[in-house]
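Notes to accompany the following structure.
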Ligand SMILES: *Cc1c(COP(=O)(O)O)cnc(C)c1O
């Protein structure tokens, strides 16, 4: 521990292995994993298709660099753009890097249109990552404090406020893009309204701005569709994703279509590891498993089951303000701050997360079955009753 920088307040548990929705600690105790590595292990732990893909690829080749063609990267690029309805993509290693690619793409798009100081509209409560540009785009002062000077070129707008966006359009000729999460995760699981998102698309079309969706957390089946925008009939110009894409193997992607697809040219962006054979083999197994196995539909059904079971428990429901989200991205807002529930849940063999102070965030694996979802809801209800 002492050899590690103290950047995380870690819980006092170490896991040795996992299977499906369960993790086992070094003492052999079993935990129901309702956080899935923060929306990463969508296929659960030790999924046989992902394990086999990693094994087979590791046996052959792990890394060559983007100086050469990479078969696994080309295949994943094809599968991912096809399922997303996008044209092409760039691979990095994380969500922040996927967003960095989108931010660079938007700035270059602006410069190509002779806009000297391109600006990107971002929302209050947004979370886009921890690199300098992405923390500057993030709408949370705690994440920015101490790292000033921030990267300029971001204009902050309130959530779900069409008028505010029209005002920004009227007064800022340098805007080139809007970057937003269809459902904000870190700020407490807040879905943007479908009407707002439709209006954003319209304004982007009028103004020739790029609509860039950060689907790092909402993507890869979590909200009931492969990407959340597909459930809204919303067609963006850029999608970024990461978390669930590699089921734990680090990989992120920035996908583009239309004008956005031809912005970045040779030498204008890069990553040594990005899209390496190992990560792409895992990513391909994930995309194929999610699309073949109807896991997004399962997310919808199991999300509904968990939500209904929580609200059916009268004693628990009395402590609940609201349950938000879609599919298996669930925020349960309580009447008071509940950070201590994370430790209490751990003691009860349940892994959860609390965000925005008073919101329990549930992000279980998409492979969760009915019985496990009932077990999860019962355990969360008990925590909430006692809160
Ligand atoms: C987690 C997250 C990121 C950052 O991803 P990293 O892989 O941690 O860099 C960006 N955007 C959203 C919406 C996220 O949930």
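I need the shape label for the range 132-278. Rule: rounded when a/c is under 1.5, else prolate if a/b > b/c, else oblate, with a, b, c from the alpha carbon gyration tensor. In terms of gyration-tensor shape, rounded.
Comparing 62, 249, 50 in a Gaussian network model of the chain, where Cα atoms under 10 Å apart are tied by springs, the biggest mean-square fluctuation is seen for 62. Taking 345, 228, 256 in turn, the Gaussian network model of the chain (Cα-Cα springs below 10 Å) assigns the largest fluctuation to 345. Counting only DSSP beta bridges whose two residues both lie in the chain, roughly 65 percent are antiparallel. Let me test this: with uniform point scatterers at the alpha carbons of the range 203-266, what is the Debye-based log₁₀ I(q)/I(0) at q = 0.14, 0.27 1/Å? Result of the Debye calculation: -0.44, -1.15. Here 114, 243, 104 are placed in order of increasing Cβ neighbour count within 10 Å, fewest first, which gives 114, 104, 243.
What does DSSP give for the range 175-334 in terms of the percent of beta bridges that are antiparallel, rounded to the nearest 5? Of all bridge pairs located within the range 175-334, approximately 65 percent are antiparallel.
For the options 161, 59, 33, a Gaussian network treatment of the chain with springs between C-alpha atoms closer than 10 Å singles out 59 as fluctuating the most.
Which shape class, rounded, prolate or oblate, goes with the chain when its Cα gyration tensor gives a ≥ b ≥ c as root eigenvalues, a/c under 1.5 marks rounded, and past that a/b bigger than b/c marks prolate? Oblate, because a/c is 1.5 or more while a/b does not exceed b/c. Sorting 190, 128, 63 from the fewest to the most surrounding beta carbons within 10 angstrom yields 63, 190, 128. Think of it as helices only: each DSSP H run of n ≥ 4 in the chain is worth -39500 (n - 2.57), and spread over all residues that comes to -11500 deg cm²/dmol at 222 nm.
Would you please classify the overall shape of the range 325-387 from the alpha carbon gyration tensor, given that a ≥ b ≥ c denote the square roots of the eigenvalues, rounded means a/c under 1.5, and beyond that prolate means a/b larger than b/c while oblate covers the rest? Oblate shape, in that a/c is at least 1.5 and b/c is the bigger or equal ratio. Restricting the calculation to Cα atoms, the range 1-139 yields a radius of gyration followed by a Dmax of 19.7, 61 Å. Among 78, 314, the ranking by other beta carbons within 10 Å of each residue's beta carbon, starting with the fewest, stands as 314, 78.
Since every read-out is calculated from the coordinates, none of them should be taken as a lab result. All of these numbers come straight from a predicted model, not from anything done at the bench. A quick note on method: Cβ atoms are made from the backbone with ideal geometry, for glycine too, and the neighbour counts reach across all protein chains shown.
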